[in-house]
Every structure is written in C-alpha cells, then in structure tokens.
Amino acid sequence: MTLLLPRVDGTTYAYEPRPAPVEAAAGGSALTSRTVFSAAHVVADPRADVSPDSPAAVDWDATLAFRRHLWAQGLGVAEAMDTAQRGMGLDWKGAAELITRSAAEAKSVDGAIACGVGTDQLTGPADLPAVRAAYEEQLALVESTGAQVILMASRALAAAATSPDDYLETYGHLLRQASEPVILHWLGPMFDPALTGYWGSEDLDAATDTFLEVIAGHPDKVDGIKISLLDPGREIALRRRLPDGVRCYTGDDFNYPELIAGDEQGFSHALLGIFDPLAPLAAQAVRLLDTGDVKGFRACLDPTVELSRHLFQPPTRFYKTGVVFLAWLAGHQSHFTMVGGLQSARSLPHLVHAYELADALGLFPDPLLAESRMKSLLTTYGVQQ
C-alpha cells in the first residue's frame, strides 16, 4: 500500500511503508546490567460519555494488557507517572485505582513495578502541612500494594514552599516515614511549567545542592533519583555526586543511549516515557549491554533518538499524544482516543512524521495494520487516499 502523506503546505507525497517489522529478540529474561522502567500510558474508554473536564474513563483491560506487554519484554513498569496523564486528565482517584490494579497485576506475573506518590488530590491552594498530609496519604496507599515508591515532584509544594528549607523538611519527613528505599523524582519545567523553581531555586546549581542535601540526610531511604531535565551534562555531574549505593535513573528522553551506556565513572539506569513505544527495542538493546556489547547497544538504540526527540518536542508535556498514537498504530489498543481529549494536542503533520519515523524503525508488529489505521486517520483529516 502506498500512502499519500500531507506536507505542511497542503501538498501530498507518496510514502512506501516498511514491509516488515524489526526482528527484535524475544523478551522474558531479566535485564541484569541496568534497572529499566518504562513509564506506561493509560488507555481511555472511547465509548464513555465524558467531557475533557470529567473524571477519566479508563479501559482497564487494555491498560493492564499493555503493562503485561512491557513486563513480557523484561522491563519494569513505572506506574501513575506523567506518561499516564497524571495531572493531565487522570486525577488522584483514577491514579489510585490504576496503582492498585497494576500492582496486583504485577504480582500475578512477577513483574517489577514502581508507583508515583504525589499530592494531586489537592485541587486548590494548600499550605505545607496539607502538602505533607497529601503525600502521606499516597505514600500509604502505594506501600500497601507492595509496589516501590517514586516520590514525585509536587505542584502544590512548588507553590507553597518559600525556601529550600521547606523542601528539606518536607522530603525529610516523608523519607523517615517510608518503609523501603524510594526513588526521588526531579521533573523539569519543560515537562510541567508549574514545577519551575523546584528545590527552592530557579538556579539549577543551587537546586541541585538542595536535592543532594535531601539525599545525604537519608541515604538509606533513597534507592535512586530520576532526573528529567533534558541536560545530559547536568545529569552526569549529578550522578557523580551521589552517595554510594544511590542510583541515577535517567529520565532524559533526548540523550538516553549515551547516559545508559555510561562512561568510565558510571552510568544511568532508566525510567523513561519513550520506552513505552520502544519497549522491544529497548529491551533488546539492554540485553546487548548485559553481555558487555556497548557498541551493539548504541547501534540498536541510537537510531531511536530522532523519534524520541520528535515526540518530546515543545510543548514537551504533550509527548503523551504521540506515545498513544503509536500504541494505536502498533495494535496495542483499538482506537486513538485519550483521557481528557488529549489526542488533539498534536497536529496532523506531527503525527505523520511520528508515523514515518516509527515505521522506519520497524516498530509496528503488523505493518499492514499500521498502514490501514494511518489511512483512516488521514481520511478523517480530509487527506484523500
């Protein structure tokens, strides 16, 4: 099948899709050289009678099936994170159900899972005691499921804090309460503008010092840090300052191959939204790394960066639209509908280029299905085939 794809100027051009998917090695065995989590998206219920302002309507069967797909590759699942539209369509009630269901599913398949703990049940201005109480509620829920805790950055804390000391006190309190080591999450403002100035300063050097002070005060309660600043030099400098035994999980969807591969002074593990659509290739690449084949790892993963940079282009927070779009084309869900109507957050040219890049990588298990679905999308947008 030849597809007529549109240019921005309104003209079209003939595109010949790749005839077969990439031959990725079968998953299953545990990854050994790196700990790898994929932040997983949620599948909306397309038949629900909801509006963008309504509570999320989730297709639980399809959502859990996608998590089983990730576990089958040997990846862990990072649950109820921003990839799951946390704070962008999925409220705390929905996130709590997602955490509970996914943690139970993880136990049934012996899959690794870590879940986000935040403060998104707060819907208006809140003082520091309210922020702390909201964190505590979510911490208790995640720990009750047996999942690992990811302490996420909080919009409410960013709004309420007046100094670095407020962060030190809040996080210190939570870490003392945690029963097992947690992952601390530093999400940059490119992912969420409400987090500008997190850790008490817009000066990233000063913010880094406060972040490290939190860790230094409770190293036994910190498994690792997830850093999402899209700045590889800053991530490398930060990971070299971490206490022994505290891991760095890259959240850099622009530079992940080099950060995971590492250098003579260390490497990053991974907790990435881009590993949602890249799961088979990501698992294959890390298995090469498990054998010491750094060159093979880079050869497998480097070509995926162009797609990732495209999906995560500004406004970066709308990368979820491309992730779900590719899941639909790949056959992981039956529709291109998102919680909160976010399928409209990216333009047709953006989606078309995402299709081309993913097709060139061989990411679609059934290329004919992807072509057919792409044709239906183009027709909906008025691009005649």
Take the chain, connect every pair of alpha-carbon atoms lying under 10 Å apart with a spring to form a Gaussian network, then pick out the residue of Gly89, Gly76, Gly292 with the largest mean-square fluctuation. Gly292
Listed residues Ser54, Thr123, Leu139: farthest to the positive end of the dipole of the range 21-141 (Cβ charges): Leu139
Could you please state how large a percent of the accessible area of the range 153-231 is carbon and sulfur, counting protein chains only and using a 1.4 Å probe? 47 percent
What is the percent carbon and sulfur in the accessible area of the range 240-382, measuring with a 1.4 Å probe over the protein chains and ignoring ligands? 51 percent
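Measuring with a 1.4 Å probe in the full set of protein chains, what accessible area per residue, in whole Å², belongs to the range 39-131?
On the way: 3780 Å² over 93 residues.
Accessible surface, normalised per residue, equals 41 Å².
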If you build a Gaussian network model of the chain, linking Cα atoms that sit under 10 Å apart, which residue out of Asp263, Asp59, Asp91 swings the most? Asp263
Could you grab the relative contact order for the chain? Cα pairs under 8 Å, six or more apart, rounded to a whole percent. 21 percent
Counting other Cβ atoms within 10 Å of each Cβ, which GluC sites (Glu not before Pro) in the range 220-325 have at most 11 and sit in a DSSP loop? Glu264
Reported to the nearest 10 Å², Met81 has, with a 1.4 Å probe, an accessible area equal to 0 Å²
For the pair Tyr15 and Arg241, how long in nm is the line joining their label points, each one 7 Å along Cα→Cβ? 4.3 nm
Please report, as a whole percent, how much of the solvent-accessible surface of the range 1-60 comes from carbon and sulfur atoms (probe radius 1.4 Å). 51 percent
Answer rounded, prolate or oblate for the range 7-150, using the Cα gyration tensor with square roots of eigenvalues a ≥ b ≥ c: rounded when a/c is under 1.5, else prolate when a/b is larger than b/c, else oblate. oblate
Just the accessible area per residue of the range 132-287, please: how many Å² with a 1.4 Å probe? 35 Å²
Rank Thr119, Thr380, Thr196 by accessible area, highest first, at a 1.4 Å probe radius? Thr380, Thr196, Thr119
Quick one, which of [x] 20.3; [y] 22.0; [z] 18.4 is the actual mean projected area of the Cα convex hull in nm² calculated for this model? [z]
Can you list the residues, at least 5 places off or on another chain, whose amide H is less than 5 Å from the amide H of Val149, using H built in the peptide plane? Cys115, Ile183
Okay, helix-only estimate at 222 nm for the chain: each DSSP H run of n ≥ 4 adds -39500 (n - 2.57), divide by all residues, round to 500 deg cm²/dmol; what do you get? -13000 deg cm²/dmol
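The values are calculated or read from the model by the stated rules, or taken from the named source; none is laboratory data. These numbers were taken from a predicted model, which means no experiment stands behind them. When we count neighbours, we look across all protein chains shown, and the Cβ atoms used for this are built from the backbone with ideal geometry, even at glycine. Surface accessibility is based on the protein's heavy atoms, side chains included, excluding ligands, DNA and RNA. Shrake-Rupley method; radii C 1.70, N 1.55, O 1.52, S 1.80 Å.
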